[in-house]
Every structure is written in structure tokens, then in C-alpha cells.
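As C-alpha cells, the structure follows; a few thoughts come after it.
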Amino acid sequence: MTTSVAIAGAAESDLGVTGKSVLGLQAQAIGRALEDAGLTLADVDGLATTGVSRFSATQVADYLGLRPAWTDSTFAGGSAFEMYVARAVQAIEAGQCSTVVISYGSNQRSARSRSLAGVVESHTPEAQFETPYGPLYPISYYAMAAQRYLHRYGGTREQLAEVAVAAREWALLNPAAFRHGTGPLSVADVVGAPMVSTPLTTADCCLVTDGGGAVVLTSLDRARDLRRPPVRVLGYGECTTNTSMTAVDDLTVTGAVESGRAAFARAGLTPADVDVAEVYDSFTITVVLTLEALGFCGRGEALDWIAGGRIRPGGDFPLDTSGGGLSYCHPGQYGVLLLVEAVRQLRGECDARQVAGAEIALAHGTGGILSTHATVLLGVDR
Amino acid sequence: MSTEVPGGGQVPDPDEVTAPWWDATRRRVLLVQRCAACGHAQHPPRALCTACGSPRDLGWSEATGDGVVDACTVVERAMPGFRPPYVVARVRLAEGVLLLSNVVAERPHDVGVGDTLRLDWRPLPDGRALPVFVLSQR
Ligand SMILES: [Zn+2]
């Protein structure tokens with residue numbers, strides 16, 4: 001089954017505390033990704049982005065001086081970019097466009113625009129039936145998922161902390177990571193950090209940084225003639241589950257079950273085939289739930305499965321090798337940077353954090369309050 | 001328009017679908033929407049049944065007010081209008097539906113999964129009330 005489309009270029013914008021504008025960061029990432037691919041703006045006839053304004057793709061097209069034949073601004077939080085890969089593959093295969101840029105940029109740390117209450121629109125049911133009770137958004141939802149998970153399976157906060165500890169180990173190997181120079185993180189650091197919404201502390205939560213990224217997709221045939229080795233899109237799948245905090249009956253089972261199943265089926269692969277995994281780590285619990293849902297281990301097994309260094313550098317399941325949203329960069333909607341890191345691993349460009357011989361990578365985005373789930377499988381061109 | 005919650009946030013005015021649910025809170029009655037065609041119960045109230053799709057057969061039943069903690073968290077960070085620590089919980093009503101609510105408890109950190117709950121009310125200035133829960137005495 002698989003697909004006939006490849007990622008031909010990938011890049012980050014400046015990260016961290018940039019003092020730059022949203023559109024400035026986004027244009028920077030797009031420029032770098034096109035340069036990486038050996039393409040120019042004139043080659044771009046498809047554009048997908050979100051989080052810029054109400055007319056996100058239109059806004060960026062205008063900023064770049066483009067008149068694209070295809071755009072997508074599906075708003076789905078952090079998983080939107082994995083969804084855009086699927087839509088872009090379909091648009092390219094259908095002949096609607098030939099070269100798609102997927103991009104994102106945010107200056108949320110410089111602009112201090114992040115709020116503990118999140119953004120709840122007054123006409124939604126959540127505004128009437130949930131916001132009055134004061135949940136932190138999105139943290140309290142993930143906190144309830146974590147509490148329910150630890151209760152059901154008898155896990156501990158210390159076991160959960162391994163996700164953050166391992167992410168820091170990877171960040172120490174990545175010069176671009178926000179926490180690159182800050183030294184290792186211990187389990188005691190994580191559980192002893194200030195509590196936000198029990199059982200999650202500040203160290204269980206992703207960073208708040210500026211940042212952005214872009215990837216360029218085109219047909220595999222064309223990508224083979226470009227500057228970089230093509231990274232093939234092997235499969236994709238998605239599942240959208242909820243906006244409210246009460247819609248999902250079992251907090252411990254996410255829509256990644258469906259998105260992963262679809263992606264693996266399309267690619268003709270199984271979890272055992274994955275060499276490197278970039279899994280959205282908005283919170284430590286997000287990773288635990290996602291690993292189980294994707295089938296890397298059984299229900300209730302993830303805390304034991306990740307113990308003992310398996311997901312750290314040198315372990316047999318390299319996970320979130322950039323340092324992730326927890327220790328590398330989290331600009332609000334992190335999904336595009338999962339793709340950038342997966343591409344770099346498959347191209348062998350990751351220096352100290354390179355996973356030797358990586359041929360198959362998984363990127364999995366999660367948006368909102370475990371609301372949207374999208375899986376992409378990528379592979380080297382053999 | 002919206003109504004301030006004492007020491008809390010704001011509660012928007014009801015719409016045409018949710019008005020009966022909020023009106024009942026003035027009488028301190030908790031309603032659950034139920035479909036006469038298929039028997040499905042759902043919350044929050046909607047304009048159609050999410051089980052069978054019927055837009056015509058939705059009515060209301062009164063909840064007993066008994067519930068169980070499905071999951072909960074103690075919020076430790078202050079948001080504008082709220083005073084931590086307080087318990088936010090998914091409450092499973094005896095009728096089967098989940099509600100987001102607060103569990104009002106002297107020791108918030110002692111509230112846990114499976115605790116049995118009893119309905120209580122937090123009055124709003126406009127005469128409506130928010131359903132909240134307390135630990136039931138055993
Ligand atoms: Zn029905």
C-alpha cells in the first residue's frame with residue numbers, strides 16, 4: 001500500500017527565547033527547509049499551517065507571496081502536522097499540487113501568551129459545564145488520566161518520571177535543546193518539583209518556548225533528484241476523540257490505538273519494525289498512554305517497559321531523541337518538530353544523538369486534551 | 001452575558017438546548033438527558049442523541065445525586081478567581097454519565113478513585129446553581 005510521496009527538506013526555526021514574531025519564525029523555518037531541499041518558493045504550490053490567525057494558511061501564503069493550489073489549516077493542536085502529512089500525500093498523489101510546505105512558528109515564551117486556564121470559547125458546552133469548576137487547561141485533564149492510570153495499574157510517580165529523565169538525557173546530546181546546558185534531571189528532581197495538578201509537577205509538563213519548523217513534501221520520484229536523500233512517507237493514520245473532559249469513557253485508552261493501527265496497516269509494518277520513535281510528550285503521562293496505544297507494549301505495561309534505560313540514549317528503544325517537548329522545545333504545537341527530528345534521524349544527521357542505522361521512524365502527534373491523535377511512519381529510500 | 005461564580009470563574013448563559021438543565025438547578029434538581037427512542041443517557045445536553053442520532057426523542061430524567069469518582073486531580077496553581085488547592089473530578093453518576101465537577105472536601109488530597117459521592121450545590125448569583133459533590137458518609 002504505502003505512498004509515493006517523500007519529505008525532501010526539513011528545518012527548525014530559531015528556538016527558545018527568540019524575541020521574534022510568529023510570521024518571522026515561520027518564514028525562517030520555511031526558508032531553511034526549502035534550502036535544505038534545494039528548492040525555492042517558486043516551487044511551492046501547497047501550504048499547510050496552523051496557529052497563526054483565523055486564516056492561517058492564507059495568512060502565510062500572503063506573507064510568502066504565494067498563490068497555492070492547495071492549503072490546509074485543520075486546527076487540531078499538536079497533532080495537526082502529522083495530519084497535514086496525510087493530507088499532503090493525498091493532494092500530491094491526486095495531482096492537485098506537487099510541492100507542499102508544512103510549517104509552524106510560535107513566540108509564546110517571548111510574548112508570554114500562554115495561560116493556565118487555556119482558551120475556552122464561551123459558546124462551547126465546555127464553557128457552561130466544565131470551566132466553572134476551574135480545571136487547568138490542558139494540564140488537569142492529563143493529570144486525571146495519570147491519576148487513573150497509576151491507580152489502575154499500581155504505578156508510581158517515580159516510574160512516570162522516567163519519561164522526563166530520559167528526555168533530558170537526550171537533550172544533553174542536542175545542542176539546539178532548551179535544556180542542553182542544564183545538566184541531568186533525576187527522578188527526585190521530577191517528583192520534587194512544584195506540584196501543578198496532582199500527580200503532575202512542573203517537571204512532568206512540557207516546556208514553554210518559542211520555536212517553529214517546516215518540512216517540504218514532494219513525489220518520491222522528484223525527491224530522488226533533489227539535494228537530500230528522500231525520506232519516504234510509508235503510512236499515516238489519525239483519530240479525533242473529544243473536546244470535553246468527560247467524553248472519553250476510559251481515560252487510559254487514547255485514539256492513538258486507531259491512528260497507530262491505520263498507519264502500521266498502510267505501511268505494512270508493525271511496532272517491532274520501528275527504529276526510532278518521536279512521540280508527543282506534552283506531559284510524561286502522554287508518552288506512557290501513547291506507547292501502549294500504539295502497541296509497543298501491552299496495557300498497563302509501559303512503566304515497567306520504559307524502566308532500565310530502554311528509552312534513554314543507548315537504550316533499545318530510542319524515544320524523543322531531540323529531548324522532546326519536555327527538554328528540547330515546546331512552542332505550543334510541537335508536532336512539526338517531531339517530523340523534523342524523525343527526518344534527521346533517518347538521514348543520519350544527528351551527531352551525538354544519532355540512532356545508528358535508523359531506517360524506520362515513527363512520529364506521533366497528540367493535540368488538545370488527548371483530543372486528536374495522528375501517526376506518521378517514515379522510512380529511508382531503499 | 002454570563003454569571004460570576006463566587007470565588008470562581010464565569011458561567012455563560014444557557015442556550016436553547018441547555019436551558020431546561022440550568023432551570024432545574026434553580027430547584028436544586030440535577031437532570032440527565034435521556035433518549036426515549038433508544039434509552040441512551042448523555043451529558044452535557046445536546047440537540048440530538050449521540051447513540052441513535054434522533055433529534056426528536058430527547059427528554060430529561062432526574063438524577064439520584066449519587067456518584068463515584070472516576071478520576072480526580074488536586075489543582076495547586078492559582079488561576080484568576082479560584083483558590084487552590086481544590087479537587088476537580090470526573091464524577092460517574094449512578095445514571096452512567098460522566099460529569100466534570102468539584103469534590104468539596106476538607107482534605108482534598110485524600111479524595112481518590114472510587115470514592116462514593118453525594119450531590120451538593122454551589123449557588124450562583126442569578127439563582128442558578130452549580131452541581132458539586134461531597135464525600136458520602138458511610
Ligand atoms: Zn437515542
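The values are calculated or read from the model by the stated rules, or taken from the named source; none is laboratory data. Predicted model only: the values in this text are computed from it and were never measured. As a convention, Cβ positions derive from the backbone with ideal geometry for all residues, glycine included, and neighbour counts pool all protein chains shown.
Among the residues of the stretch A:112-144, write down those that are in contact (Cβ under 8 Å) with a residue 24 or more places away in the chain and either under 15 Å from B:Val74 (Cβ atoms) or surrounded by fewer than 17 Cβ atoms within 10 Å (Cβ to Cβ) (or both).
A:Arg114, A:Thr124, A:Pro135, A:Leu136, A:Ile139, A:Ser140, A:Tyr141, A:Tyr142, A:Ala143, A:Met144
Give me the pairs: first residue in the stretch B:35-64 and within 13 Å of chain A (Cβ to nearest Cβ), second residue more than 10 Å from the ligand (Cβ to nearest atom) and part of a loop (DSSP other than H, G, I, E, B), beta-carbon distance under 6 Å, and six or more apart or on different chains, which are they?
B:Ala41/B:Glu95; B:Ala41/B:Gly96; B:Ala41/B:Val97; B:His43/B:Val97; B:Pro45/B:Val17; B:Pro45/B:Thr18; B:Ala47/B:Val17
What about A:Thr156, is it within 23 Å of B:Glu76 (Cβ to Cβ) and within 11 Å of another protein chain (Cβ to nearest Cβ)?
Here the answer is no, as A:Thr156 does not meet what is asked.
Going residue by residue through the stretch A:72-84, is there one that turns out to be buried (at least 21 other Cβ atoms within 10 Å of the Cβ), more than 21 Å from the chain's Cα centre (by Cα) and under 23 Å from A:Leu337 (Cβ atoms)?
Among the residues of the stretch A:72-84, not one is buried (at least 21 other Cβ atoms within 10 Å of the Cβ), more than 21 Å from the chain's Cα centre (by Cα) and under 23 Å from A:Leu337 (Cβ atoms), which makes the answer no.
Going by the structure shown, is B:Trp21 within 18 Å of A:Thr131 (Cα to Cα) and either part of a loop (DSSP other than H, G, I, E, B) or among the hydrophobic types (A, V, I, L, M, F, W, C) (or both)?
Yes; evaluated as a whole, the condition is true for this residue.
Considering every residue within the stretch B:90-103, establish whether at least one is away from the ligand (no atom under 16 Å from the Cβ), facing chain A (nearest Cβ under 9 Å) and among the polar types (S, T, N, Q).
Yes, that holds for at least one residue.
Just name the residue that is nearest to A:Thr201 (Cα to Cα) out of those in the stretch A:116-135 that are assigned to a loop (DSSP other than H, G, I, E, B), facing chain B (nearest Cβ under 7 Å) and hydrophobic (A, V, I, L, M, F, W, C).
Filtering the stretch A:116-135 for residues that are assigned to a loop (DSSP other than H, G, I, E, B), facing chain B (nearest Cβ under 7 Å) and hydrophobic (A, V, I, L, M, F, W, C), the one nearest to A:Thr201 (Cα to Cα) comes out as A:Leu116.
For the stretch A:98-115, enumerate the residues that are assigned to a loop (DSSP other than H, G, I, E, B), over 21 Å from the mean Cα position of the chain (by Cα) and modelled with pLDDT under 95.
Correct list: A:Arg112 only.
Please go through the stretch A:15-51 and pick out each residue that is charged (D, E, K, R) and closer than 18 Å to A:Gly211 by Cβ.
Within the stretch A:15-51, A:Lys20, A:Arg32, A:Asp36 qualify.
Does the stretch B:70-83 contain any residue that is away from chain A (no Cβ under 13 Å), more than 18 Å from the chain's Cα centre (by Cα) and surrounded by fewer than 18 Cβ atoms within 10 Å (Cβ to Cβ)?
No.
Just checking, which of B:Asp13, B:Asp70 is out of contact with any Phe, Trp or Tyr (no Cβ under 6 Å at 6 or more places or on another chain) and under 26 Å from A:His151 (Cβ atoms)?
B:Asp70
Taking A:Glu158, is it without any contact (Cβ under 8 Å) to a residue 40 or more places away in the chain and part of a helix (DSSP H, G or I)?
yes
Could you please give the count of residues in the stretch B:57-67 that are in a strand (DSSP E or B) and within 8 Å of the ligand (Cβ to nearest atom)?
1
Rundown of residues vs (1) farther than 17 Å from B:Trp121 by Cα; (2) within 14 Å of the ligand (Cβ to nearest atom), yes/no style:
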residue: B:Arg28; (1), (2): no, no
residue: B:Pro44; (1), (2): yes, no
residue: B:Pro55; (1), (2): yes, yes
residue: B:Asp70; (1), (2): yes, no
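Would you check if A:Val376 is outside any strand (DSSP E or B), closer than 21 Å to A:Gly211 by Cβ and touching a residue at least 60 places away in the same chain (Cβ under 8 Å)?
Judged against the criteria, A:Val376 is not a match.
Please specify each residue of the stretch B:112-136 satisfying the condition of being at the interface with another protein chain (Cβ under 10 Å from one of its Cβ atoms) and out of contact with any Ser or Thr (no Cβ under 7 Å at 6 or more places or on another chain).
Once the filter is applied, which keeps residues that are at the interface with another protein chain (Cβ under 10 Å from one of its Cβ atoms) and out of contact with any Ser or Thr (no Cβ under 7 Å at 6 or more places or on another chain), the stretch B:112-136 yields B:Gly112, B:Val113, B:Gly114, B:Arg122, B:Leu130.
Of the conditions (1) at the interface with chain B (Cβ under 7 Å from one of its Cβ atoms); (2) touching a helix residue (DSSP H, G or I) at 6+ places or on another chain (Cβ under 9 Å); (3) touching a residue at least 60 places away in the same chain (Cβ under 8 Å), A:Ala164 fails just one. Which one is it?
Every listed condition holds for A:Ala164 apart from (1).
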